[in-house]
Amino acid sequence: MADKKSESGEYWNRHVVSWEASTYYTDKDMPKPNAWDRFSTYFRGASLYDRMTLALEMLQPYLKGLTVLDVGCASGRFANQLLEAGAARVIGVDISEDIIRIANERRLAGPHKERLEFFAADLAKPASLPKVDLVTSLGVIEYFDRDDMQVFLGNTKADYFFHDFPDVARTTNWLLWWMRQVYIRVNQCPGVYLYKRDEFSELVKQAGFAGEVWYERRSIFHYASNLPRNPAQFPPRG
Ligand SMILES: C[S@@+](CC[C@H](N)C(=O)[O-])C[C@H]1O[C@@H](n2cnc3c(N)ncnc32)[C@H](O)[C@@H]1O
């Protein structure tokens, strides 16, 4: 019998294809999202396209020659963009076999098949992940409670990380926060977990990441990383 997935993993395994189809609504090759996801598109708008563009702007100066692991990669949208922005190789991992199948179909149809790889794994359970230079995630770690977060951080084998960060400051935008609470309850999502910066810095240190952890807010999104703050101080790779 297959191992039971983590609670957040079970939720995303059921939900990710519909979520992706409604979030990146300009993609026409996806199955139709469910009615609730179609409705939520009106509120979400293009915001998650922006989350990716902002992350890419911040990462671009570091990427040349890097091997990157994008966790919670869904259909591989960000993985492809990381390659186009200069990464040497990108590996994407996600809980859902269905979304990994879609990622692989797109990979085989696209120009980067040799430099991309996708596989399925539950990252909130002990998992064997490849050693990479940089691990990235967008919209993923907010679904990990403290125990899952410790398991997740312990799973990742990289010198550097760059994560879209669920900062407690999100609650200050009360309208967005409460709309989000309705969305996750209707969808029966187990929870979204916010972190204080000090708390997260301590967790990544315990997981063995070195260097100063910094946080940056761009638009409505927060990002956390231990890359050198100044890209000019980042040793070139490859
Ligand atoms: C909000 S979506 C973000 C997808 C993508 N990073 C993006 O920004 O478009 C969260 C992603 O994390 C994945 N995910 C959630 N929990 C996971 C887990 N325990 N293990 C692996 N992937 C997980 C989901 O399947 C989904 O693809």
Quiz item: From Gly86, Gly110, Gly45, which residue is at pLDDT 95 or above and not acidic (Asp, Glu)?
Solution: Gly86
Practice problem: Answer with yes or no whether Ala120 is surrounded by 15 or more Cβ atoms within 10 Å (Cβ to Cβ), within 9 Å of the ligand (Cβ to nearest atom), free of Cβ contacts under 8 Å to residues at least 40 places away in the same chain and not hydroxyl-bearing (Ser, Thr, Tyr). | Solution: yes
Exercise. Quick one: count up the residues across the stretch 86-126 that are part of a helix (DSSP H, G or I) and farther than 16 Å from Asp29 by Cβ.
Key: 4
Exercise. Might you check whether a residue that is without any contact (Cβ under 8 Å) to a residue 60 or more places away in the chain and under 29 Å from Phe39 (Cβ atoms) occurs anywhere in the stretch 146-163?
Key: no
Quiz item: Which members of the stretch 133-158 meet the condition of being at pLDDT 95 or above, more than 9 Å from the ligand (Cβ to nearest atom) and under 25 Å from Gly65 (Cα atoms)?
Solution: Asp133, Leu134, Val135, Leu153, Gly154, Asn155, Thr156, Ala158
Quiz item: Inside the stretch 1-85, counting only helices (runs of 4 or more DSSP H) that do not spill past its ends, which hold 2 or more residues that are under 18 Å from the mean Cα position of the chain (by Cα)?
Solution: 7-23, 47-59, 77-84
Quiz item: Which of the residues spanning the stretch 96-117 are among the charged types (D, E, K, R), within 14 Å of the ligand (Cβ to nearest atom) and closer than 27 Å to Tyr62 by Cβ?
Solution: Arg106
Quiz item: What pairs can you find where one residue is in the stretch 59-80 and charged (D, E, K, R), the other is more than 13 Å from the ligand (Cβ to nearest atom) and in a loop (DSSP other than H, G, I, E, B), and their Cβ atoms are less than 8 Å apart, with a gap of 6+ or different chains?
Solution: Lys64/Gly86; Lys64/Ala87; Lys64/Ala88; Lys64/Pro236; Lys64/Arg237; Lys64/Gly238
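The values are calculated or read from the model by the stated rules, or taken from the named source; none is laboratory data. What you see is a predicted model, and the numbers here were worked out from it, not measured in a lab. Positions of Cβ are backbone-derived with ideal geometry, glycine not excepted, and every protein chain shown enters the neighbour counts.
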